[in-house]
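The values are calculated or read from the model by the stated rules, or taken from the named source; none is laboratory data. Remember, predicted model here, so these are calculated numbers, not experimental data. Please note: Cβ atoms are built from the backbone with ideal geometry, for glycine as well, and neighbour counts cover all protein chains shown.
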Amino acid sequence: MVISAFLLALSPLRGQEAIGPLSLEDCRRMALEANSDFRNAELDSLTAADNVLAYKANYLPKFSLVGGWGWSDYKLEPSSLKSYVPAEISSLWSTLTGAATSLASSDAVSSLMAGLGIDMNSLLSRDYSFRVGSVYNATLMAMQPIYMGGKVTAAYKMALLGQEMYSTSMTRSKNEALTEVDEAYWTYLKTIELQDVADSYLETVEEFNRQMEVAYRNGMRTEADKMKVNLKVSEAKLQKRKAENGLRLARMNLCKRIGLPMDTPSLDVSSSLMPDDNALVNYDTLDISSRPEYDLLDKQVQLKEQQKKLIQADFLPQIAGIASYGYTHGMKFMDKNVIDRFVFMGGVTVKVPLFHWGEGARKVSAAQREVDKARNTRDNLGEMMRLELLKARNEYDEALLQVELMQESIAEADENLRVSRVRFDAGSETLGDYLEAQTVRQKAATDLVEAKANCRLAYTKYLKAAGKL
């Protein structure tokens, strides 16, 4: 939100002559806002956070609502019960039903039963069969993992590692974006100073050319001298045009990096190309533990170790608790529902792998080899990163020295140009020597600008290699 507000504040200025002044930190913030890779990395990090919460839920019981309906024409007749009860009970039932039938045919018993309001014939003729018919059920079920061989813990730790890896990837994308905008920023400052150098050189040779014209008209200089100076003026104009084109291209590149229109006519910056005095480097250590690339490799080793545990869990005992509470309605006996109530049930399930022909041992062995490969890759690339850090540190040290040497060179070139002009005016030095002194001074100024820009870029590369950007 802060960055968006910053860009919004700049938007009214986009149609004016200049935008800014922008510091390096301003451009970095704007570049992160405009960089699609960094925004995608932020989205991946949020996705990983959701995955962590999803895997954490595996520690908690799972609740499900299960319902169903069914119908069957299955019917169990009383006569079929003989095959389900002992022979003695079946014989007793036959005797009792026979006696009841005989009594029902007796006039005296019939009169007695009629007096009691009992119809023996109706009682004996009822349907005593068991019918399934229509059955429906609704049950709330819960399952709580108790011990799953370490699978739940391994999966949760893998999700945590995934979240950390996405966060590290976001840092890596951020470093890439910052490196690109730093390079564009310092290149833009370099082209500004190169244009200043070209303008200053052109003004110098044009002023000298006007003096040469006067001297030529007065017969004090030859036409050859005049042509030599004209050639230097042409060279200075070409250098100025190259500087202008370079500045335009660098401005467009910087605008693209920080999310501004590439056709922005002018862009002011507030930083200096001269390296800071406090930009010191620690030469006593080659620590790369802060680099996101190394952290990703280390997390990859840990991820492989958890994958190994996840495979091991498939061949270890698994225990879970289950519980259900539901309502069932259906199944009739004598046209009345047999089941019409709420029922609770609880229990424990246990799964113990016994024999899989060595499948588990082979899978675990293969997973261990993947762990070893990831560890070897981390160690090997870690050494390469240390060499890269050492190289970046040396390049920055050399760039600092180059700036110091170029400052001395331009001081010497200024003094040489001053002495050469004095001698040329006194007639003790040729025109060619004086023009050469001007060229040397202009080259020294250009080399100093290049050295300062290279030093700034070398410091950014060192910070990136050290994981401190």
Among (1) touching a residue at least 40 places away in the same chain (Cβ under 8 Å); (2) over 26 Å from LEU60 (Cα atoms); (3) assigned to a helix (DSSP H, G or I), which single condition is TYR136 missing? (3)
Conditions (1) part of a strand (DSSP E or B); (2) at pLDDT below 90; (3) farther than 22 Å from ASP263 by Cβ; number of the one not met by ASP37: (1)
Which listed residue is acidic (Asp, Glu) and on the phi > 0 side of the Ramachandran plot, from ASP335, ASP340, ASP372, ASP379: ASP335
Quick one: count up the residues across the range 411-448 that are buried (at least 20 other Cβ atoms within 10 Å of the Cβ) and more than 23 Å from ASN209 (Cα to Cα). 1
Kindly list, by first and then second residue, each pair from a residue in the range 44-55 that is among the acidic types (Asp, Glu) to a residue that is surrounded by 18 or more Cβ atoms within 10 Å (Cβ to Cβ), limited to pairs with Cβ atoms under 8 Å and residues at least 6 apart or on different chains. ASP44/TYR166; ASP44/SER169; ASP44/MET170
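Would you mind finding the one in SER134, SER167, SER200 that is outside the structural domain of LEU303 (by TED's automatic domain parsing) and surrounded by fewer than 21 Cβ atoms within 10 Å (Cβ to Cβ)?
Only one candidate qualifies: SER134.
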Would it be correct to say that SER234 is among the hydroxyl-bearing types (Ser, Thr, Tyr) and in contact with a strand residue (DSSP E or B) (Cβ under 8 Å, 6 or more places away or on another chain)? no
Of the conditions (1) closer than 30 Å to LYS151 by Cα; (2) of a type in the set (Asp, Glu); (3) free of Cβ contacts under 8 Å to residues at least 12 places away in the same chain, GLU370 fails just one. Which one is it? (3)
What number of residues in the range 326-363 are part of a loop (DSSP other than H, G, I, E, B) and closer than 30 Å to TYR136 by Cα? 2
When you scan the range 341-359, do you find a residue that is among the aromatic types (Phe, Trp, Tyr) and closer than 30 Å to PHE130 by Cα, even just one? yes
Condition met for LYS332 (outside the structural domain of GLN195 (by TED's automatic domain parsing), of a type in the set (Lys, Arg) and surrounded by 13 or more Cβ atoms within 10 Å (Cβ to Cβ)): yes
Looking at LEU389, LEU448, LEU435, which is the one that is closer than 30 Å to PRO292 by Cα, assigned by TED's automatic domain parsing to the domain that holds THR168 and of a type in the set (A, V, I, L, M)? LEU389
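Residue-wise test of (1) touching a helix residue (DSSP H, G or I) at 6+ places or on another chain (Cβ under 6 Å); (2) surrounded by fewer than 16 Cβ atoms within 10 Å (Cβ to Cβ); (3) of a type in the set (A, V, I, L, M); (4) within 21 Å of ALA451 (Cα to Cα).
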position: PHE355; (1), (2), (3), (4): no, yes, no, no
position: ARG378; (1), (2), (3), (4): yes, no, no, no
position: LYS391; (1), (2), (3), (4): no, yes, no, yes
position: ALA399; (1), (2), (3), (4): yes, no, yes, yes
Is there a residue being of a type in the set (A, V, I, L, M), assigned by TED's automatic domain parsing to the domain that holds ALA453 and not in a loop (DSSP other than H, G, I, E, B) anywhere in the range 269-286? yes
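For the range 399-418, does any single residue satisfy the condition of being of a type outside the set (Ser, Thr, Tyr), assigned to a helix (DSSP H, G or I) and within 38 Å of the chain's Cα centre (by Cα)?
Yes; the residues of the range 399-418 include at least one that is of a type outside the set (Ser, Thr, Tyr), assigned to a helix (DSSP H, G or I) and within 38 Å of the chain's Cα centre (by Cα).
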Mind checking whether some residue in the range 160-169 is farther than 22 Å from PRO292 by Cα, in contact (Cβ under 8 Å) with a residue 24 or more places away in the chain and charged (D, E, K, R)? no
